[in-house]
Amino acid sequence: MSANSETITSPVLELKNIHKAFGGVVAIQDFSLDLKAGEIVALVGDNGAGKSTLIKIISGVHAPTSGTIRLDGEAVSFSDASMARSSGIEVVYQDLALADLQPVYMNLFLGREKVRKPFGMLDRRAMMQETQALVDELDVRIPSANAMIRDLSGGQRQGVAIARATHWATKLILLDEPTAALGVAETAKVEEIVQSLKARNLAILIISHSLDQVFRLSDRICVLRRGNQIGVRETAKTDKNEIVSMITGLA
Amino acid sequence: MFKRTSAIARKFDLQGSVIYLGFIAIFLFFAITLADDGFLTTRNLSNIVLQTAPATIMAIGLVFVLSAGEIDLSFGSIVAVSALAAAVVMQEHSMLFGILAGLGAGLAIGWINGVMVAYLRLPSFLVTLATMGLFAGVARSMTDLRSIPVLSDTFTGFFGSGSFFGIPSLVLWTLAAVIVGHLVYRESRFGAHVIATGDNARAAQVSGIKVPRLRLAVLMISGGCAGLAGLLYAGRLQAAKYTLGESDLMTVIAAVIVGGTALNGGKGSVIGALVGSLLMGMLNNGLILMGLSVSDQMIVRGLIILLAVAISLRDTTRA
Ligand SMILES: Nc1ncnc2c1ncn2[C@@H]1O[C@H](COP(=O)(O)OP(=O)(O)O)[C@@H](O)[C@H]1O
Ligand SMILES: [Mg+2]
């Protein structure tokens with residue numbers, strides 16, 4: 001193992017010995033994981049296993065009690081979510097953090113609106129055009145970039161949320177149960193979009209309760225149980241039975 | 001054709017079109033029934049515009065507050081405190097200090113509201129209900145219920161009876177407030193953040209918008225607008241009294257709601273608030289010209305506001 005080959009294959013995200021306690025409650029214990037660009041890793045585990053907590057640690061919402069986070073090889077410590085965001089980490093939440101009464105393009109640029117010089121007026125046309133180009137590229141089928149979120153289906157909304165993450169993420173996208181609220185056809189569409197993100201050289205960490213989905217999408221599967229990291233498996237080299245017994249602890 | 005009008009409607013934010021139809025309907029009703037009572041005279045119509053100037057400016061501040069998902073009930077009391085502060089300071093000092101005192105009082109009370117709402121996470125309804133009472137009391141005690149005359153001609157001209165290039169200064173203040181308010185609301189990042197916060201505060205938060213700071217800002221905008229409204233009252237009446245702004249609460253809230261601003265945030269219109277405010281002013285004026293007693297005026301006005309608000313809420317929630 002030379003130092004040289006180490007840097008070439010250097011992962012986008014390295015978590016080492018992450019530990020998180022809320023008061024006396026230990027939510028994450030000694031968690032370590034590497035994520036490479038163009039790779040989809042699934043995070044699975046029962047309710048309360050600590051999956052969302054882990055995503056919040058990576059995205060800067062919670063600070064780990066101990067442990068190190070490296071982004072492109074550099075140790076980082078985010079004091080809030082906007083710091084993680086400006087480092088190229090985006091999150092897609094299961095409960096759709098979208099403003100319902102706003103058009104798609106304003107949601108895509110929410111908090112990071114484009115303005116024109118010299119008066120700082122919103123550049124709606126540019127935002128609309130960029131949004132349209134992106135949703136076309138990702139094949140998110142919405143009526144238009146100007147459509148109001150409220151008028152979209154659940155699948156279309158999640159498509160918008162993923163498009164937003166894709167637009168801003170330079171390194172890593174975290175998805176917390178992105179299809180939990182969706183029907184079968186909508187889920188298939190969202191999976192297709194997530195799959196297409198690999199080609200953009202982003203690292204992707206996805207939480208899912210559907211093992212079918214996990215096996216369709218992921219390159220590796222990481223199992224958590226009550227805050228403990230049970231193991232990481234290559235998706236191609238494992239099966240549902242093994243993953244289920246890792247999740248439940250029953251052989 | 002339809003596309004074109006809806007593009008125009010979007011550009012100017014004419015969301016609830018009901019308000020514009022209602023405005024025209026009530027105007028025509030008064031124009032016909034009060035033809036002999038002087039409703040249509042230039043003098044009367046310009047009076048309506050001049051009288052509504054303070055309410056319009058309060059309404060613009062309220063558009064920002066409601067759009068952000070908060071409410072301000074204290075602006076009427078702020079009007080009185082600001083007007084009195086300006087008048088009292090001007091008894092001893094120059095006009096400039098009077099203006100600063102009036103606006104400063106408004107901003108300061110807005111800041112107090114804002115800190116409690118944004119950082120102590122107290123509901124704005126309760127906070128501003130309390131400060132409404134508190135500062136109404138302050139206004140009463142400031143001068144022992146006495147009215148304070150405003151003698152500076154420059155001040156009364158600038159904020160009240162004067163005019164520039166033949167346009168009454170109250171009209172210019174109204175226009176300036178509407179234009180600036182509309183541009184900030186519709187065309188700036190701040191305005192977009194206000195609307196997004198009222199729509200979904202969590203989405204705004206996770207998108208990096210500093211939600212607490214924004215809540216503080218909208219309540220200070222409302223306080224500042226109420227402060228300016230206080231100066232306009234003091235300028236027009238050439239005096240300040242604790243009763244100023246007392247009766248504006250219902251009118252201004254109705255004007256804003258009727259003008260297409262959602263009571264629970266995420267949607268609003270400054271232009272709509274202007275039209276709503278003119279509608280309320282016209283209503284006041286028409287009912288007086290009809291010869292209704294004050295109690296009858298209150299009853300009829302209340303009923304019409306109830307109807308107007310009901311119609312425009314249906315309109316905005318369906319749109
Ligand atoms: N903010 C918090 N304060 C206290 N305890 C928390 C907090 N967030 C999560 N927990 C606890 O941490 C554990 C893991 O929760 P979570 O990460 O939400 O699990 P999962 O997403 O896998 O269902 C649970 O026991 C939960 O009660
Ligand atoms: Mg969870």
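The values are calculated or read from the model by the stated rules, or taken from the named source; none is laboratory data. A quick note: this is a predicted structure, and the numbers were derived from the prediction, not measured. Note: ideal-geometry Cβ built from the backbone for every residue, glycine included; neighbour counts use all protein chains shown. Calculation scope for accessible area: heavy atoms of the full protein, side chains included, ligands and nucleic acids excluded. Shrake-Rupley method; radii C 1.70, N 1.55, O 1.52, S 1.80 Å.
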Contact order relative to length of the stretch A:51-127, as percent, for alpha carbon pairs under 8 angstrom and 6 or more apart: 19
Förster-model FRET efficiency, 51 Å R0, residue A:75 and residue A:126, C-beta, rounded to 0.05: 0.90
Accessible area in the full protein assembly, largest first, 1.4 Å probe, for A:105, A:93, B:119: B:119, A:93, A:105
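Using a 1.4 angstrom probe with every protein chain in place, what is the largest-first accessible-area order of B:165, B:64?
B:165, B:64
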Beta bridges by DSSP in chain A, antiparallel share as percent, to the nearest 5: 55
Reduced Cα scattering model of chain A, Debye log10 I(q)/I(0), q = 0.09, 0.16 Å⁻¹: -0.41, -1.21
Amide H contacts under 5 Å for residue B:208, placed H, 5+ residues apart: none
Backbone N under 20 Å from the residue A:86 label point (7 Å along Cα→Cβ), restricted to the stretch B:204-236: B:204-214
Inter-label distance for residue A:114 and residue B:202, nm, one decimal - labels placed 7 Å from Cα along Cα-to-Cβ: 3.0
Relative contact order of chain B, defined on C-alpha pairs under 8 angstrom at six or more residues apart (%): 34
Cβ-derived FRET efficiency at R0 51 Å, residue B:183 paired with residue B:299, nearest 0.05: 0.85
Summed side-chain charge close to residue B:249 - residues other than residue B:249 whose Cβ falls under 15 Å, Lys, Arg +1, Asp, Glu -1: -2
Label point distance in nm, residue B:176-residue B:46, each placed 7 Å from Cα along Cα→Cβ: 2.0
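Calculate for chain A the 222 nm mean residue ellipticity that helices alone would give, adding -39,500 (n - 2.57) per DSSP H run of length 4 or more and normalising by residue count, nearest 500 deg cm²/dmol. Intermediate values should be presented prior to the final figure.
Values: 9 runs with 85 residues, N = 251.
Roughly -9500 deg cm²/dmol at 222 nm, from the helical runs in chain A.
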Placed amide H near residue A:225: partners under 5 Å, 5+ positions off or other chain: A:230
Calculated over the stretch B:12-318: convex hull of Cα atoms, volume per residue (Å³): 131
Descending semi-axes in Å of the stretch B:182-280, equivalent ellipsoid built from Cα gyration tensor: 28, 16, 11
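Report the extension gain between residue A:25 and residue A:239 in nm, rounded to one decimal, defined as 0.36 nm multiplied by the number of residues separating them, less their alpha carbon distance.
73.8 nm
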Too-long pairs where the Cα-Cα distance tops 28 Å, listed order kept, from A:36/A:56; A:51/B:267; A:56/A:117; A:36/A:240; A:51/A:237: A:51/B:267; A:56/A:117
Inter-label distance, nm, simple model (7 Å from Cα along the C-beta direction), residue B:167/residue B:147: 3.1
Accessible-area order (highest first, 1.4 angstrom probe) of the listed residues A:112, A:141: A:141, A:112
Net lengthening on full extension, residue A:151/residue A:16 (0.36 nm per residue, minus Cα-Cα): 44.3 nm
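Working out 0.36 nm times the residue gap between residue B:125 and residue B:292, then minus their Cα-Cα distance, what length gain in nm do you get to one decimal? Don't jump to the answer; show the numbers that get you there.
On the way: separation 167, 0.36 × 167 = 60.12 nm, distance 3.35 nm.
Extra length available between residue B:125 and residue B:292 comes to 56.8 nm.
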Solvent-accessible surface (1.4 angstrom probe) belonging to residue A:128, in square angstrom, nearest 10: 60
Under the Karplus curve 6.51 cos²θ - 1.76 cosθ + 1.60, θ = phi - 60°, whole-Hz ³J(HN,Hα) for the stretch A:134-150, x wherever Gly or Pro sits: 5, 5, 5, 4, 7, 6, 7, 8, 10, x, 6, 5, 9, 5, 7, 3, 4
Residue B:29 - accessible surface, heavy atoms, 1.4 Å probe, Å² rounded to 10: 110
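Starting from the Kirkwood radius over alpha-carbon pairs of the stretch B:20-115, derive D by Stokes-Einstein at 20 °C in a medium of 1.002 mPa s and give it in µm² s⁻¹. Working shown, then result.
Details: Rh = 16.2 Å.
After rounding, the answer is 133 µm²/s.
List every DSSP H helix in chain B whose Cα atoms extend 27 Å or more along the helix's own long axis and whose mean Kyte-Doolittle hydropathy is at least 1.0.
On the way: long enough: B:42-67 (35 Å, 1.18); B:95-118 (33 Å, 1.84); B:211-237 (39 Å, 1.18); B:270-289 (28 Å, 1.82); B:294-318 (36 Å, 0.96).
Taking the DSSP H segments of chain B (at least 27 Å long, mean hydropathy at least 1.0), we get B:42-67, B:95-118, B:211-237, B:270-289.
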q = 0.09 Å⁻¹, the protein assembly as shown: log10 I(q)/I(0) [Debye, one scatterer per Cα]: -0.78
Probe 1.4 Å - accessible area at residue B:33, Å² to nearest ten: 70
